[in-house]
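Taking it in order: structure first as structure tokens, then the write-up.
Values in this text are rule-based calculations from the coordinates and carry no lab data. All of these numbers come straight from a predicted model, not from anything done at the bench. Cβ placement follows ideal geometry from the backbone for every residue including glycine, while neighbour counts extend to all protein chains displayed.
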Amino acid sequence: MGRDVSESCIDSLLTEMVSTYCNRFYANKPELAARRTEAIGYQVGHQLSERYTMERPCFSDHLEAIKFICKDFWFELFKKQIDNLKTNHRGTFVLQDNRFRWLTRMSIDQSPENGTSEELSIMADNKTMQSMHLYFPCGIIRGALSNLGIPCAVSADISNLPACSFVIRIKA
Amino acid sequence: SYISDPRQTIYIIEKGNAVLWGSEISPSPPVPTATGNNAHMMYVFNRNGVCLLYREWNRPLHTLNPQQDHKLMFGLLFSLKSLTAKMDPTNAEKGNLGIPQLPGQGCSFHSFRTNTYKLSFMETPSGIKFILVTNPRTGDLRETLKYIYNLYVEYVAKNPLYTPGTLIRCELFNTALDQYVRSIA
């Protein structure tokens, strides 16, 4: 018997997690807040990958493991697969999700009312806040791959909301 | 293109906005268009009277500055709700004024109409008030307001970048709202 969790609960919890680390625990220290949320993601990804690879044989190479992340793993987490996978065949992979679930409701008002320097700094803050929400999923990917024996670094690119690209660099 | 109104007022529809041209009888209601926005403006207040959103699509007449306008609107709603609850001839209880109830519960007004516009109102259990001002021929907008409340929940309440109680500045909400309001008959 499966156990369900309300998606709204997860969304709200993640929002609050990022907000708490950024605005309370590590206010004015965004690098530490980022590292902390990424570390939490790492633990989550580690455990989830254990769970979702229970029935499977080992992966033959890195590409197979990445494809698992793109298809089965992403489907378990987000009810959809990664839309586009690119690689340079030298250890770098770009996973593009055209409608990343945790970003679909995120938006700010792009039009500054009078273009004052205060407005522009608010816009810059907003951009930073948006990127803060991506450290957790980056950590999930890093933790999952690490559990499959693939140490790597993961970063995210949100130049085109709500599409989101995750860049995986496998450590040699 | 132009639409000729039997009350001898001619409107020229240009780029989706109705532009009044040569009116003999005043005030006469604007003819609703299918192309332009069918609503004049919208207000969203929270339970403390803070105006979270004011969106204007078609409002040629401004009598007050924005702060006065918002305060007047909030005060009006408060008085109207109080009046309609107190004047309810069917309710034996004293009534619990000021406590938000589910839309449809209790006794609350939901719209009023003049010869030039209709004002529709909905309050949610969380105290968020939605006010939509449209042309007077609009029907019952309670379902419309519920839909707009859903848009608010999805794109504002669940927006990680939005702080509750502050001005709503969410592009996704604005876009979805504009698009939806265009489709109101």
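Per-structure values
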item	result
Inter-part distance where the stretch A:133-172 and the stretch B:118-184 are each reduced to a Cα centre, Å	36
Net +/- balance of residues flanking B:P136 in space, Cβ distance below 11 Å, scoring K and R +1, D and E -1	+3
14 Å beta-carbon shell around A:K171, net charge (K/R +1, D/E -1)	+3
Cα long-axis angle, helix A:117-132 against chain A (0 to 90 degrees, to the nearest 10)	20
Anisotropy class of chain A from Cα gyration tensor, a/c 1.5 cut	prolate
Peptide B:156-164, shielding by other chains (average Cβ, 10 Å cutoff)	6
Cut-off 13 Å between beta-carbons: net charge of the residues surrounding A:A39, Lys and Arg +1, Asp and Glu -1	+1
Theoretical ellipticity at 222 nm over chain A - DSSP helices of four or more residues, -39500 (n - 2.57) apiece, nearest 500	-14500 deg cm²/dmol
Among A:I140, A:P57, A:F166 the positive-end extreme of the charge dipole of chain A (Cβ point charges)	A:P57
In degrees, nearest ten, helix A:7-20 long axis to first principal axis of chain A (Cα)	60
R0 of 25 Å, Cβ-Cβ distance B:L76-B:N115: FRET efficiency to nearest 0.05	0.85
DSSP-loop trypsin sites (Lys or Arg not before Pro) across the stretch A:20-111, with at most 11 other Cβ within 10 angstrom	A:K79, A:R90
Cβ-derived FRET efficiency at R0 30 Å, A:S6 paired with A:K171, nearest 0.05	0.20
Nitroxide proxy distance, nm - points 7 Å out along Cα→Cβ at A:D125 and A:K86	3.4
Inter-chain shielding of B:170-176 (mean C-beta neighbours from other protein chains, 10 Å cut-off)	4
Other protein chain Cβ atoms within 10 Å, averaged over every residue that makes up A:15-27	1
Footprinting exposure proxy for A:M106, B:M42 (fewest neighbouring C-beta atoms within 10 Å first)	B:M42, A:M106
Approximate spin-label separation A:Q43-B:R59, in nm, with each point projected 7 Å along Cα-to-Cβ	5.0
Among the listed pairs A:K29/A:K71; B:K86/B:K146; A:K67/A:K171; A:K127/B:K146, those beyond 28 Å (Cα-Cα)	A:K29/A:K71; A:K127/B:K146
